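This report concerns only the one structure given below.
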Amino acid sequence: MVPPVPFTHPLRVRYGECDPQQIVFNANYFAYFDIAMTELWRAAAGSYGAMLDRGIDMVVAEASARFLGAARFDDELSLEVVITRLGTTACISRHRVLRGGELLVDGEMRHVIVDRESLQKTPIPEWLREALAPWALEEVAGG
């Protein structure tokens, strides 16, 4: 199976994201994952707010990362996201942080779709499945 072209968002490392070793502090990569997901949602659904307006939200249930290299202040990074699974209520995404083609961080997140008001998990609506299809593995997208 050929994976989809990942959703990609550029990011330049800011000074405040670096630690005393002058590299990106490891926890900031999870913020980068979040930035990539927010931008994916913007591309797929119009904006994160548009999803909220339709009565749903998403919350992080799991996050993991493998650190393979280090980014530094002012590096230009590419944040890549592919949807690897759309379950009944959960969405799993694979994240890659690259600098000039070099893989620095490989990660995964599991988000649960919830009702905006009650925060109770709720099935992923069909409109959201369709919106995410361009960045989902073929079997996830129903192909």
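Using beta carbons and a limit of 8 Å, which pairs, at least six apart or on different chains, have the first residue in the stretch 99-114 and over 18 Å from Ala70 (Cα atoms) and free of Cβ contacts under 8 Å to residues at least 60 places away in the same chain and the second one assigned to a loop (DSSP other than H, G, I, E, B) and among the aliphatic types (A, V, I, L, M)? Final answer for the pair search is Ile113/Ile124.
Output yes when any residue across the stretch 119-139 is aromatic (Phe, Trp, Tyr), in contact (Cβ under 8 Å) with a residue 24 or more places away in the chain and in contact with a strand residue (DSSP E or B) (Cβ under 7 Å, 6 or more places away or on another chain), and no when none is.
As a first pass, look at the stretch 119-139 and keep what is aromatic (Phe, Trp, Tyr): 127, 135.
If we keep only those that are in contact (Cβ under 8 Å) with a residue 24 or more places away in the chain as well, we get 127, 135.
Imposing the further condition that a residue be in contact with a strand residue (DSSP E or B) (Cβ under 7 Å, 6 or more places away or on another chain) reduces the set to 135.
Yes, the conditions are met somewhere in the stretch 119-139.
Among the residues of the stretch 68-98, those that are under 23 Å from Cys18 (Cα atoms) and free of Cβ contacts under 8 Å to residues at least 40 places away in the same chain comprise Leu68, Gly69, Leu98. Scanning the stretch 38-46 for residues that are at pLDDT below 95 and outside any helix (DSSP H, G or I) turns up at least one hit. Looking only at residues in the stretch 17-37 that are part of a helix (DSSP H, G or I) and open to solvent by 60 Å² or more (accessible area, probe 1.4 Å), the one that is nearest to Ile92 (Cα to Cα) is Asp34.
Screening Ala70 with (1) hydrophobic (A, V, I, L, M, F, W, C); (2) assigned to a loop (DSSP other than H, G, I, E, B); (3) touching a strand residue (DSSP E or B) at 6+ places or on another chain (Cβ under 7 Å); (4) closer than 24 Å to Ala131 by Cβ gives one miss only, at (4).
The values are calculated or read from the model by the stated rules, or taken from the named source; none is laboratory data. Fair warning: this is a prediction, and the values are worked out from it, not measured in the lab. Using ideal geometry, Cβ is built from the backbone for each residue, glycine included, and neighbour counts are taken over all protein chains shown. All accessible areas refer to the heavy atoms of the entire protein, side chains included, with ligands and DNA or RNA removed. Shrake-Rupley method; radii C 1.70, N 1.55, O 1.52, S 1.80 Å.
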